[in-house]
Amino acid sequence: MSENFPTQRRRRILDRVRANGAVKVAQLAEEFGVSHMTVRRDLDRLVKDSELHKVHGGALLQESASAEEPGFQRKSTLQLPQKAAIARAAAQMVEPGMSISLTSGTTTYEVARLLRAVPDLTIVTNSPRIADLLQDAPAAGQTVQLTGGLRTVSDALVGPLATAALRTLHVDRCFMGVHGFSVQDGITTPNMLEVEVNRLFLERCDSRVVVADSSKWCLAGLYSSAPLHEIDTLVSDDGLDETAVEELRQHIENLKIEKVVES
């Protein structure tokens, strides 16, 4: 439906950014039935009003957004079809008998939901929610190792107990959810303690897989866990535009872009 009133449209755009952390010009133009140029003018006005920060192809929340850590419950309601498509692709990378790690996050939670059907897995996680999910109805032979630590608002266990546990472990493949990812900043998080745990997850495995829906593109947390070239595989969705895909292919060896089927 076309949005003909600029003030109302800009208010709707700001609502989208506050809900998702970022917006893309192409998606807004399609949703509101206006041109890309109209959307860019709206973003320019919101930037001038100190509401948003423009990035290539879209916009982010201004300033404090990089340090804001949304709660698990809030994030679990966002980008559901995208997360489902990503989780299906990620789960296909797991075979019986493997040892894997799953960082805390709503996308990795969806991966874990599918892994309940895979037998003989050893799974390490710093997410109490993922551990509970896997213990609820595990496949035969599954073992779940939950790190200790201090629980963050995003339901990740962090701090000395978590890092001590991770230093003693090594797995075949790590699946990591992220707050944001970009060529400039790599994969990022807003939590200083969480970044240390994330770096250990990436060190203590043979293969590194990041699962991140397209709304996380060019969304920057305050702390970088790793540059993109240290990631073996990125699984995302077809909301990424062609320019973003080309940029990512220059830095990541294996890029999986999954088609999203809206329910």
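Quick note: the coordinates plus some simple rules give every number you see, no bench work behind them. This structure is a prediction, so every number in the text was calculated from the model and none was measured. Backbone-built Cβ (ideal geometry, glycine too); neighbour counts: all protein chains shown.
Kindly express, to the nearest 10 degrees and within the range 0 to 90, the angle between helix 80-91's C-alpha long axis and the longest C-alpha principal axis of the chain.
30 degrees
Evaluate the relative contact order of the chain (contact order divided by residue number), counting alpha-carbon pairs under 8 angstrom at least 6 apart; express in whole percent.
Normalised by residue count, the contact order of the chain is 16 percent.
For the stretch 240-251, what does the Karplus curve 6.51 cos²θ - 1.76 cosθ + 1.60, with θ = phi - 60°, yield as ³J(HN,Hα) per residue in whole Hz, taken in order and with x for Gly and Pro?
6, 7, 4, 5, 5, 4, 5, 5, 5, 5, 6, 10
For K24, give me every one of the aspartates and glutamates with a C-alpha distance below 15 angstrom, ignoring sequence neighbours fewer than eight places off in its own chain.
D15, D42, D44, D213, D237, D238, D241, E242
Residue by residue through the stretch 92-97, which ³J(HN,Hα) values in whole Hz follow from phi under the Karplus form 6.51 cos²θ - 1.76 cosθ + 1.60 (θ = phi - 60°), with glycine and proline marked x?
5, 8, 10, 10, x, x
Per residue of the stretch 143-148, what does 6.51 cos²θ - 1.76 cosθ + 1.60 with θ = phi - 60° give for ³J(HN,Hα)? Whole Hz please, x for Gly and Pro, Karplus curve as stated.
10, 10, 10, 9, 5, x
Just order 242-250, 127-135 by mean Cβ neighbour count inside 10 Å, highest at the front, would you?
127-135, 242-250
Sort by residue number and report every cysteine in the chain with no other cysteine beta carbon within a distance under 4.7 Å.
C218
Excluding residues on the same chain fewer than 8 positions from K48, give the lysines whose Cα lies under 17 Å from its Cα.
Output for K48: empty list, no partners.
P(r) of the stretch 159-263 in 10 Å steps, Cα pairs, percent per bin?
Per 10 Å bin, starting at 0, the Cα pair percentages come out as 15, 47, 29, 8, 0.
Measure off 7 Å from each Cα along the Cα-to-Cβ vector at D206 and R40, then give the distance between these two points in nanometres to one decimal.
The answer from the label model is 4.8 nm.
Apply the Debye scattering formula to the chain, with a single equal point scatterer on each alpha-carbon and no solvent, then give log10 I(q)/I(0) at q = 0.07, 0.14, 0.15, 0.17 Å⁻¹.
The Debye formula, applied to the Cα set alone, gives -0.24, -0.93, -1.05, -1.30.
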